[in-house]
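Please read the structure below before turning to the comments.
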Amino acid sequence: MQHYARLLLASAGLLALSALVPGGSSSCATGFCTPVYAQGGPNQPDMQTIHKLFAENKKIKRTVKNIPGGIEALTEASDPKTVKLLQEHVAAMKVRLENKQPMRMWDPLFAVLFQHAEKVKMTITNTKAGVKIVETSDDAYVVQLLQEHAKAISGFVKDGMAGMHVSHPAPPKGKTTASAKTKEPAFVGKGDGEKTCPVTGEPVDAAQFVTWKGKTVKFCCVSCKAAFEKAPEKFLKK
């Protein structure tokens, strides 16, 4: 993941990477910590942190409310390590949004939101147990994107790793959608298992692999490897 260093909270939501990733460090000059990897480094540490948050989803509580011009989200956790993960992740996502460094581009909702990144105003306030995020826009369509995106992030918190590969349609302009989440198809693979992870479509880590049907299948992280081993046909065709 050559650019997964600062995603939109993933807009609201879901990294002390300096404490969890060898060589990690951060800068807090702007009032919240921005990891060095969010300033142009490789995405692998960021992806690992996001997957840790997926794995710890049962410890996370998230509430979202629509406000004039956008959303307000409070995402908090029951243990200090997860709190730090949340705060660093959201800070990194703010930088990613500001620099238009997209992630999860196979997901239509995320892709379209990043196309309108310059129209989003994002404010972060760290709390004792997590982070409060306010995202607003003067563009009515972007407001709709923000609200649908907030629903998608809440879905990640609810579903954990099971929601990682779910795709979310972008709402058409001028219309509203009842839900951002689509019914999951039988096959949800995103990559070839050689250069790109079959679970997320991200560049692979050569250290994470399994042998399946006589071929080596590589993944971007250990979490994706575990997801594949549970249901390989969902992610890779024969």
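Computed values, structure above
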item: Looking only at segment 221-238, and only at residues there that are in a loop (DSSP other than H, G, I, E, B) and farther than 13 Å from Met161 by Cβ, the one that is least open to solvent (accessible area, probe 1.4 Å); result: Leu236
item: Count of segment 187-209 residues which are closer than 11 Å to Phe235 by Cβ, among the hydrophobic types (A, V, I, L, M, F, W, C) and either open to solvent by 20 Å² or more (accessible area, probe 1.4 Å) or part of a strand (DSSP E or B) (or both); result: 1
item: Residue in segment 78-88 that is among the basic types (Lys, Arg), more than 19 Å from Lys190 (Cβ to Cβ), surrounded by 19 or more Cβ atoms within 10 Å (Cβ to Cβ) and modelled with pLDDT under 85 present; result: no
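Yes or no, residue by residue, for (1) in contact with a helix residue (DSSP H, G or I) (Cβ under 6 Å, 6 or more places away or on another chain); (2) crowded, with 18+ Cβ neighbours inside 10 Å:
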position	(1), (2)
Val64	yes, yes
Ala73	yes, yes
Arg96	no, yes
Gln101	no, yes
Met105	yes, no
Met122	yes, yes
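The values are calculated or read from the model by the stated rules, or taken from the named source; none is laboratory data. Please read all numbers here as calculations on a predicted model, not as lab measurements. Glycine gets a Cβ as well: all are built from the backbone with ideal geometry, and neighbour counts include every protein chain shown. Accessible surface areas use protein heavy atoms only, side chains included; no ligands, DNA or RNA. Shrake-Rupley method; radii C 1.70, N 1.55, O 1.52, S 1.80 Å.
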